[in-house]
Amino acid sequence: MTTDDTPAKPSPDSPAPTGAPVHPSPWRSGPFRLFFTARSASLLADGMLMVSLTTAVLGTGYGASGVGYALAAWMTPIVLLVLFGGVLADKFTPQLMMVAADLVRMVAMIVMAALLTFTDARLWQIMALMALSGAATALFQPGLASLVPQVAEDIQRANALLRVSEAMSALLGPGLAGLLVAYWHVAGSYTVIAAAYALSALGLLPLRRLASRRDDGDAPMWQRLTTGWQEFRSRDWLWGVIAIWSLFGLLVFGPALPLGAALITEQHGANGFGWIASADGLGTIVGGLLGMRVRPRRPIVAGALAMFCFALNPLAPALEWPFAATAAAHILGGVGFAFWGVMWATSVQTHIPLSVLSRVSAYDVAGSIMVIPLGRALAGPAAEVFGANEVLVFSSVMALVCLTAMLCLPAVRRLGRAPENPVVPDAAVLATAPAAGGGAAAG
């Protein structure tokens, strides 16, 4: 049933190639350095946003319910618009859509800072600005997968470096936002977030001249969405993993964060929870570094095996493990999650044609995140009925069940490594970019 990606690549069910060339480090690619800088800046802004938003809403007197409404206002446009973001990225190039998204997010954060500085901000104003930022994020996210093969020859190593950057941003972002709120003003944190999005746009701007494969047809939006869906469902390994991953998000990711955080705080205190969250980040960094070195013949199989470690995350607080054991469980969970992320991203980016990669990635993102809010919403009522510890034990068991089911899929077991044939431009391509954009990004 599965169709091939391009005539130059083996079918997704073919064995891994032997004698694959060794690609140079991504750091040797100027476009990758620009992309890495831009991505790190946007990730840092994302890491700061939740702390800044929570502080702003609580500071204006709208309480925990207001925080929930503001988060929903940000998340809902992402879920609703991410598929259209994939279509637009393939139509107008990912670079253009991502720069535009960064500029929109920058403006939204500047307006937020102004509201908090000069007026008594209303909840509907905060929600409107967060909805605008969420809509821009939906336009930004699908293009990420399409850019990696264009800026680095060693796609797996590039994904691993980006995973490490994501972990570092998740560790540093909330702390930086907290310092700015404590020693400056919540509006100051939004100003820094706006500056980070501006830096991301400057880093991506010179990449607009990359040799992107645009979809220049005049087909209507719905037909482009249909094409992306056909590409998605024609690969058994792809839709099979996403179907199982959606169940994983509902039953594992959904309850693990709110209930796990509550139990860990109850068992080890707020300070202990902070250290355990840092242990999770450390594990993610280690998993990213591991992804730079280990090149399995069956990447998704290897990633799924590593993800078995994630089952320890909900299990540790459910069984009330000691602090050291809980921290160790979160380190192992972080390693498994990061290594899985590298293997999955590399498989998608090397098996899917570049001309439809943004649309396929949008279906990937949509299927992965749509049910997580539902899982989090149901976690509280389930805990009241069955008990938080029992729900987390169930989540741990379901993690094992879902990953075992994934490994039982023949298409997943057969999927090997695809040749990494990125579209990396000659240095002369970027030399034609405006000096201001390249110089600012490089600096």
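The values are calculated or read from the model by the stated rules, or taken from the named source; none is laboratory data. Just so it is clear, the model here is predicted, and its values are computed rather than measured. Please note: Cβ atoms are built from the backbone with ideal geometry, for glycine as well, and neighbour counts cover all protein chains shown. All accessible areas refer to the heavy atoms of the entire protein, side chains included, with ligands and DNA or RNA removed. Shrake-Rupley method; radii C 1.70, N 1.55, O 1.52, S 1.80 Å.
Data overview
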quantity	calculated
Arg417 long-range amide H proximity, modeled H, under 5 Å	Ala16
Relative contact order (%) - the chain, alpha-carbon pairs under 8 angstrom, separation at least six	28
Estimated inter-spin distance, Arg413 and Leu374, nm [label 7 Å along Cα→Cβ]	3.0
Region 170-276, accessible surface, carbon-and-sulfur percent (1.4 angstrom probe)	65
Cα-centred dipole magnitude for region 183-272, charges only on beta-carbon of K, R (+1) and D, E (-1), debye, nearest 20	300
Per-residue HN-Hα couplings for region 297-312 [Karplus 6.51, -1.76, 1.60; θ = phi - 60°; Hz; x = Gly/Pro]	6, 10, x, 5, 4, 4, x, 5, 4, 5, 5, 4, 5, 5, 4, 6
Helix-derived mean residue ellipticity, 222 nm - over the chain, DSSP H n ≥ 4, -39500 (n - 2.57), to 500	-26000 deg cm²/dmol
Cα-based Rg / Dmax (Å) for region 146-250	19.5, 54
Rounded D (µm²/s) - region 33-121, Kirkwood Rh over Cα pairs, Stokes-Einstein at 20 °C, 1.002 mPa s	144
Sequence ranges 62-75, 406-419, 300-313, ranked by mean other-Cβ count within 10 angstrom, highest first	300-313, 406-419, 62-75
Packing-based ranking, highest mean first, of 270-276, 132-138 given that Cβ atoms within 10 Å are counted	132-138, 270-276
Region 225-291-region 156-189 distance, computed between alpha-carbon centres (Å)	19
J(HN,Hα) series, region 372-377, from Karplus relation 6.51 cos²θ - 1.76 cosθ + 1.60, nearest Hz, glycine and proline x	4, x, 5, x, 5, 5
Cα gyration tensor shape for region 97-199, rounded if a/c is under 1.5, else prolate or oblate	oblate
Whole-Hz couplings from phi, Karplus 6.51/-1.76/1.60, listed for region 316-328; x for Gly and Pro	4, x, 5, 8, 6, 5, x, 4, 4, 5, 5, 5, 5
Highest-fluctuation residue, Asp46, Asp280, Asp120 considered, GNM on the chain with Cα pairs under 10 Å	Asp120
Contour minus Cα-Cα distance for Glu390 and Ala405 (0.36 nm per residue)	3.2 nm
Most to least accessible of His351, His185 (protein chains only, probe 1.4 Å)	His185, His351
Tensor-based shape of the chain (alpha-carbon gyration tensor, a/c under 1.5 rounded, otherwise prolate or oblate)	oblate
Probe 1.4 Å, accessible area per residue of the chain, Å²	41
Inter-part distance where region 343-357 and region 394-415 are each reduced to a Cα centre, Å	21
Region 193-341: proportion of alpha-carbon pairs further apart than 24 angstrom, %	55
Gain upon complete extension [Arg293, Arg28; 0.36 nm per residue less C-alpha separation]	93.7 nm
Sequence ranges 354-365, 257-268, ranked by mean other-Cβ count within 10 angstrom, highest first	354-365, 257-268
